[in-house]
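First the structure, in the form of structure tokens, and then the observations on it.
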Amino acid sequence: MTENSSVLIIDDEEIMREILEELLVREGYNVGIAASGEEGIELARSGMFDAAIVDVMMPGLDGIETLDELKQLDEDLPVIMITAFASVENAIVAMKRGALDYVTKPFKNDEVLVVLRNAVDRRRLVTENRALRQSLQNY
């Protein structure tokens with residue numbers, strides 16, 4: 001269910017932003033693009049995203065710090081970490097800090113799409129669950 005789902009891409013590498021944007025737009029996602037953690041946080045404050053893809057290694061605010069900030073803004077936002085420097089330690093840290101999943105570069109397009117589809121589905125289920133609970137409390 002990608003129709004009208006929006007994804008925030010935060011990566012300091014222009015080529016990665018372009019590749020991901022083209023892939024996701026072709027799949028029907030609305031895409032927000034940021035070249036830094038700081039820029040991504042600003043976009044997240046101003047817009048409603050269903051998921052975020054965040055590069056781990058970035059100058060300034062790195063991916064883990066960006067993840068922390070995104071989770072403070074929206075604790076239910078599914079965040080997928082992406083990196084060329086795959087390490088078990090980074091994956092564990094990211095997952096403990098609330099990342100939904102972890103993808104290594106170079107990635108397979110299908111891998112990113114499956115992980116993202118799961119993230120968006122999870123977001124939708126959490127939102128529906130919250131709305132149902134709310135309506136039951138008001139009942």
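The values are calculated or read from the model by the stated rules, or taken from the named source; none is laboratory data. These numbers were taken from a predicted model, which means no experiment stands behind them. Ideal geometry is used to build each Cβ from the backbone, glycine not excepted, and the neighbour counts take in all protein chains shown. With ligands, DNA and RNA removed, areas are computed over all heavy atoms of the protein, side chains included. Shrake-Rupley method; radii C 1.70, N 1.55, O 1.52, S 1.80 Å.
Between R124 and F85, what's the calculated FRET efficiency when r is the beta-carbon distance and R0 is 25 Å? Round to 0.05.
The computed FRET efficiency comes out at 0.20.
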Inter-site label distance for Q72 and S46 at 7 Å from Cα along Cβ, in nm = 2.0 nm
The lysines whose Cα lies under 22 Å from the Cα of K71, excluding any fewer than 8 residues away in the same chain, are K96
Summing -39500 (n - 2.57) over the DSSP H runs of n ≥ 4 in the chain and dividing by its residue number, what mean residue ellipticity at 222 nm do you reach, to the nearest 500 deg cm²/dmol?
-> -17000 deg cm²/dmol
Counting only protein heavy atoms and using a 1.4 Å probe, what share of the accessible area of the chain belongs to carbon plus sulfur, as a whole percent?
-> 52 percent
Solvent-accessible area per residue for region 15-66 (1.4 angstrom probe, square angstrom) = 46 Å²
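How much length is gained on full extension from R133 to E111, taking 0.36 nm per residue of separation minus their Cα-Cα distance?
Computed gain between R133 and E111 is 4.6 nm.
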Taking the chain as the reference, fit the longest principal axis to its C-alpha atoms, fit the long axis of helix 109-138 to the helix C-alpha atoms, and give the angle between the two in degrees, 0 to 90, nearest 10.
-> 30 degrees
